[in-house]
Amino acid sequence: MQTVPRPLDLTAMVSDPVLENPSPTTEVPPVTPGKPQVVIIGGGFGGLYAAQQLGRADVEVTLIDKRNFHLFQPLLYQVAMGGLSPGDIASPLRGVLSAQKNTRVLMGEVTDVDPEQQRVSLKDGRTIPYDSLIVATGMSHFYFGRDDWADVAPGLKTVEDALEMRRRIFAAFEKAENTTDPELKKSLLTFVIVGGGPTGVELAGSLAELAHHTLRNDFRHIDTTASRILLIEGMDRVLPPFPPELSARAHADLENLGVEVLTKSLVTDIQGHQITLKQGDEVSTLQAGTVLWAAGVRDPGMGGLLADRTGAERDRSGRVIVSHDLSLPTHPNIFVVGDLAHFAHQGGGAASPEGNRPLPGVAPVAMQEGKYVARLIQKRLQNETLPAFKYKDSGSLAVIGRHAAVVNLPWAKLTGFPAWFVWLFVHIFYLIEFDNKLMVMTQWAANYMTRKQGSRLITEKVVEKVEVTAEGDR
């Protein structure tokens, strides 16, 4: 009599033991005892560039991140619009750093920092000692005290955020195709982007191109070119950090693409698909099937943890105020770089406790800060030091659409096709791996020639119970 193999429940095997089953506290020993230990929290631009700079230093580097990949966030909006796949703009951290024999990568979530014992704790119970600590965890979305809006207006910081945006956008067109209710159809074809910074401008421009060009022949019962796309900005112009003339050009380019730009407008409430706007003393409402959030950032928790453990000061957004060398005033061996750092020791304005405007939370700032801190750590090991960190501003740029962008360089201001070409070159140049550069260039070339987006998938998060027999039959 043949015995039927008993199905094996692999639910526990495919779950995340790191997050669900903490183990007793154990210290992770160094690979090379006796070497100075540099721990980096976060594998974004600041953390990765610091790790790479330390690749040949006489130290042992431990890079900790909740994810196993580095994400090229400046192109994340193209994943949201179906132009690129997540793998095109992500690089495995272990692969990027595999040639650095003094560097190890740990996948885990940091839950505590002990500056007295000089160790960090992970959620699974492990602890890692350090001699120098670099914190580069970045920032998360800020809804100005209305966290209940997060479910109806997703932001854009992670791959999951981009895929959720993509799902909502393409699902809206599908639902509009399947309804006969004209009012519902009108609402489903109305898209609102809150925040007129670079992310908001890029989302609005690419969404307009998607509706007015890419999808215009794909449906039979709706006219996607009739979609209404609104960009809402609280200040008097879009791209506030840019010179006024470039903001004006971006505004005009967006309107040429069919985007309605509402400046001096504040979102005061979001209830389901109804949005309440305040423009001066006038209050109005509108119905929108999809709302995307690109306004404001805040500390995701690490800034508060550092403040509690070290006494560090923070600004209103939760960013940690750092010294001229990016260290904490009370703990010179702890550094904060990237978006989480409030560095206000250069520039102008009166937007910080030091009287200077803090450096913006953009990738070039994080890259330079990460490299600087890595060099400073090496100098300190030789009983030397470095001058105060100084950011070298090589310019800022934002793309609006096909042949439309604005670029603010120290020596020139570009618009139109020249700016668009510069934007393409810069983003290809800074992608981490050659494979990513090749894939993105190929995909962009195909999108340019065909005006089609190749990754227009609507995906849902589905949790299934996986059953495998003892003999491996599925």
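Consider Thr127 carefully, then state whether it is closer than 30 Å to Val39 by Cβ, open to solvent by 50 Å² or more (accessible area, probe 1.4 Å) and polar (S, T, N, Q). Taking the combined requirement at face value, the residue does not satisfy it. In region 37-54 there is at least one residue that is modelled with pLDDT of 95 or more, open to solvent by 60 Å² or more (accessible area, probe 1.4 Å) and under 19 Å from Leu431 (Cβ atoms). Of all residues in region 84-103, those that are assigned to a loop (DSSP other than H, G, I, E, B) have Cβ atoms under 8 Å from Cβ atoms of residues that are among the acidic types (Asp, Glu) and open to solvent by less than 20 Å² (accessible area, probe 1.4 Å), 6 or more apart or on another chain, in Asn102/Glu60.
Restricting attention to region 292-315, the residues that are part of a helix (DSSP H, G or I) and closer than 29 Å to Leu239 by Cβ total 2. Residue pairs whose Cβ atoms lie under 9 Å apart, separated by 6 or more positions or on different chains, with the first residue in region 310-327 and over 17 Å from Asp299 (Cα atoms) and the second among the aliphatic types (A, V, I, L, M) and surrounded by fewer than 16 Cβ atoms within 10 Å (Cβ to Cβ), are Ser323/Ala388; His324/Ala388; Asp325/Leu386; Asp325/Ala388.
Residues that are crowded, with 20+ Cβ neighbours inside 10 Å and free of Cβ contacts under 8 Å to residues at least 40 places away in the same chain were ranked within region 415-434; the one that is nearest to Gly44 (Cα to Cα) is Trp423. The residues of region 353-389 that are surrounded by fewer than 16 Cβ atoms within 10 Å (Cβ to Cβ) and touching a Phe, Trp or Tyr at 6+ places or on another chain (Cβ under 9 Å) amount to a single one, Leu386. Of the residues making up region 276-288, just one is of a type outside the set (D, E, K, R), part of a loop (DSSP other than H, G, I, E, B) and open to solvent by 20 Å² or more (accessible area, probe 1.4 Å), namely Gly280. Looking only at region 172-217, residues that are of a type outside the set (Val, Ile, Thr), over 11 Å from Val259 (Cβ atoms) and open to solvent by 10 Å² or more (accessible area, probe 1.4 Å) come to 19 in all. Within region 316-334, is there a residue that is assigned to a helix (DSSP H, G or I), open to solvent by 10 Å² or more (accessible area, probe 1.4 Å) and small (Gly, Ala, Ser)? The answer is no, given that none of the residues of region 316-334 is assigned to a helix (DSSP H, G or I), open to solvent by 10 Å² or more (accessible area, probe 1.4 Å) and small (Gly, Ala, Ser).
Cβ-Cβ distances below 9 Å connect the following pairs, each with a first residue in region 383-408 that is within 19 Å of Pro243 (Cβ to Cβ), a second residue that is open to solvent by less than 10 Å² (accessible area, probe 1.4 Å) and among the charged types (D, E, K, R), and a separation of six or more residues or different chains: Tyr391/Glu369.
Would you confirm whether any residue within region 171-193 is among the β-branched types (Val, Ile, Thr) and under 30 Å from Lys66 (Cα atoms)? Steps first, answer last, please.
Residues of region 171-193 among the β-branched types (Val, Ile, Thr): 179-180, 190, 192-193.
If we keep only those that are under 30 Å from Lys66 (Cα atoms) too, we end up with 193.
Taking every residue of region 171-193 in turn, at least one turns out to be among the β-branched types (Val, Ile, Thr) and under 30 Å from Lys66 (Cα atoms).
Considering only residues in region 66-83 that are open to solvent by less than 20 Å² (accessible area, probe 1.4 Å) and part of a loop (DSSP other than H, G, I, E, B), the one that is farthest from Phe170 (Cα to Cα) turns out to be Phe72.
Looking across Val261, Val267, one residue alone is assigned to a strand (DSSP E or B) and touching a His at 6+ places or on another chain (Cβ under 6 Å). It is Val261. Just to be sure, is Asp223 surrounded by fewer than 23 Cβ atoms within 10 Å (Cβ to Cβ) and under 29 Å from the mean Cα position of the chain (by Cα)? No; evaluated as a whole, the condition is false for this residue.
Is it true that Ile89 is over 14 Å from the mean Cα position of the chain (by Cα) and of a type outside the set (Ser, Thr, Tyr)? Against the criterion (over 14 Å from the mean Cα position of the chain (by Cα) and of a type outside the set (Ser, Thr, Tyr)), Ile89 does not qualify. Within the set Asp112, Asp124, the sole residue that is assigned to a strand (DSSP E or B) and on the phi < 0 side of the Ramachandran plot turns out to be Asp112.
The values are calculated or read from the model by the stated rules, or taken from the named source; none is laboratory data. Remember, predicted model here, so these are calculated numbers, not experimental data. Cβ atoms come from the backbone with ideal geometry, glycine included; neighbour counts cover every protein chain shown. Heavy atoms of the whole protein, side chains included, go into the accessibility calculation; ligands, DNA and RNA do not. Shrake-Rupley method; radii C 1.70, N 1.55, O 1.52, S 1.80 Å.
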